[in-house]
Each structure stands twice: as structure tokens, then as C-alpha cells.
Amino acid sequence: MSDSSGHFRMPDFSGAVAVVTGAGQGIGAAIARGLAACGARVVIDGRRPASLKQVADEIAAAGGVCEWMAGSVTDPGHLTALMARAGGSGAIHVLVNNAGIAGPTTPLAELSLEDWNQTLAVNLTGVFLACRAAIPYLRAAPHGKIVNIGSAAGKRPLPNRTPYAAAKLGVVGLTRTLAHELGQDNISVNTVSPFLVDNARLESVISAMADAAGRDPAELREELTAGTAFGRPVTEDDVTGLVLMLCSSAADNLTGQDINVTAGAVMY
């Protein structure tokens, strides 16, 4: 996506409807802002009304259109209502499944069934439920786009984070199978797998991992960052840029893919 001078050109989503789950902060909020800046009408959800309203107000102040609905992706009724509000009697063009929780930082041998179930319920079952609710509306679009936000944590050892890693790798399997199921409907399904996204969530995760290992958080962060090819973390904008591309016509023949955004920490 570049103009005649070779400069990057943002995609045009004018007239499109996009749903972003878990968009009250972090990556989800950045993606919602990006889609709105490209002209999409964006409908966001999350668990905290105040955060959702703040994101929607920021988008409106920048000239975009954003609506919000508070609720959990573990609630099928909420997702049915969310998609109906977004699609109405027409189409949803884009669904970005970003909602997720970090889950516990605990050795598996000490992990409670409740923590395991809760992490998978949000990070994996929530993706299933959102896709299922959105599919009738995506089928009404000329070319529907589903982008699932996974994590490279599902593809490399991440001590004491078993339920999170299992759920995120499960998203890859869901993506690949759903891509085949929906290909005949001209709906693309892809996963974006970030790692070390430099935001508040990362700081919280590193702090929990350091506590569990009896280590200094700054030392652990430096060690993780040194393991990337570039020696640096990635940004929310890095993830957003890839999501925008996957939702655009430039990716009309790209489906079933799992794409890393990791500064080279994971290459498979």
C-alpha cells in the first residue's frame, strides 16, 4: 500500500463497519483508532465503560466515528447484541478479536482449575463466540475480514504462563480451520501474534514473572528484549499497521496465516 512516490498510504475504509473487542486500552484501543482514522465506523467493547467512553471520545475528537458497548466476550448474549448494533440490517466488514487477559503467573502444578478455565474462556472461547456471532454479518460484506490477536507466547516457552500460551496457540488452530470454512464466503481469517508490546500490560506481566522467579523486573525486561533480533520491543502501532493491512484489499488473497510482530524474537 504505497502511493506513486513510494510512501506508505493508509487504506481507505470509508463506509466500512469494524468491530474491535477488548478495545478500552492498549492494542485494542490503538487498532480502533487506526480503523477509525481510515474512515471506518468502529464499534468497540470491553469490560470497563469509562475506558470505552474515553476511547470513543478520543476517536470522535479526531473526526472519527466510534460506538461502544460494555460487556464480556464470554457472554454470548452480549456478543449477539454487539454484532447486531454494529451490523444492524446490513454488514460487518471487519472483526478484530483482541479481548484477552494475562491470566495467572503460576507453575502448572499449582494452577487452579478456575484460573485455567477463566483464561481459556476469555482468550480462546471468546474468539469462538465473537466469530460465531459476527459471521452472518460478515457474509453480507463483499469481502469480510477477521483478524484474531494471538501471541508469540504460544510458540515459545514462557514459564508459569501455561494457560495463556495454550489459549493463544489455540487461536492459531481456530484461525486456520475457520479460514477454510469461510473461504467460500469470501471471508479472510488471519492471526497476528505480537510479543513484547511496549505498554502497560507488558510491564504488569514482566512484574508478575519477576516476582514468581525472584528476579528484578528491569533485569528480566532487558533479558527478554535482548532476545529479539533488533534488541527492542515492538509498539502498539506496529501491531495496528499490520492489522490495517490485513483488513484492506491488499490482503484479499491472504487467509489462514499467523503473522508474528516480535522484532524477530519469534520467526516461526
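The values are calculated or read from the model by the stated rules, or taken from the named source; none is laboratory data. Remember, it's a predicted structure, so these values are computed and weren't measured experimentally. Reconstructed Cβ throughout: ideal geometry from the backbone, glycine too, with neighbour counts over all protein chains shown.
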Of these, T177, T240, which one is surrounded by 15 or more Cβ atoms within 10 Å (Cβ to Cβ) and either out of contact with any Pro (no Cβ under 9 Å at 6 or more places or on another chain) or of a type in the set (D, E, K, R) (or both)? T240
All-but-one check, G214 against (1) small (G, A, S); (2) surrounded by 14 or more Cβ atoms within 10 Å (Cβ to Cβ); (3) free of Cβ contacts under 8 Å to residues at least 40 places away in the same chain, failing number (2)
Per the filter on segment 34-76, residues in contact (Cβ under 8 Å) with a residue 60 or more places away in the chain and more than 14 Å from L95 (Cα to Cα) are C38
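Can you tell me which residue among A86, A62, A56 is among the small types (G, A, S), farther than 21 Å from L169 by Cβ and surrounded by 24 or more Cβ atoms within 10 Å (Cβ to Cβ)?
Working: A62 fails: surrounded by 24 or more Cβ atoms within 10 Å (Cβ to Cβ); A56 fails: surrounded by 24 or more Cβ atoms within 10 Å (Cβ to Cβ).
Testing whether each residue is among the small types (G, A, S), farther than 21 Å from L169 by Cβ and surrounded by 24 or more Cβ atoms within 10 Å (Cβ to Cβ) leaves just A86.
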Quick check: anything in segment 222-229 part of a helix (DSSP H, G or I), surrounded by fewer than 20 Cβ atoms within 10 Å (Cβ to Cβ) and in contact with a Gly (Cβ under 7 Å, 6 or more places away or on another chain)? yes
Please tell me if V197 is in contact with a strand residue (DSSP E or B) (Cβ under 8 Å, 6 or more places away or on another chain), under 13 Å from D258 (Cα atoms) and either surrounded by 14 or more Cβ atoms within 10 Å (Cβ to Cβ) or outside the structural domain of V73 (by TED's automatic domain parsing) (or both). no
How about segment 108-144: which of its residues are of a type in the set (D, E) and either touching a helix residue (DSSP H, G or I) at 6+ places or on another chain (Cβ under 8 Å) or at positive phi (or both)? D115
Can you find, within segment 243-268, the residue that is farthest from I146 (Cα to Cα) among those that are surrounded by fewer than 16 Cβ atoms within 10 Å (Cβ to Cβ) and of a type in the set (G, A, S)? G264
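Mind telling me which of the residues R156, R132 ends up being over 26 Å from G264 (Cβ atoms) and of a type outside the set (A, V, I, L, M)?
R132
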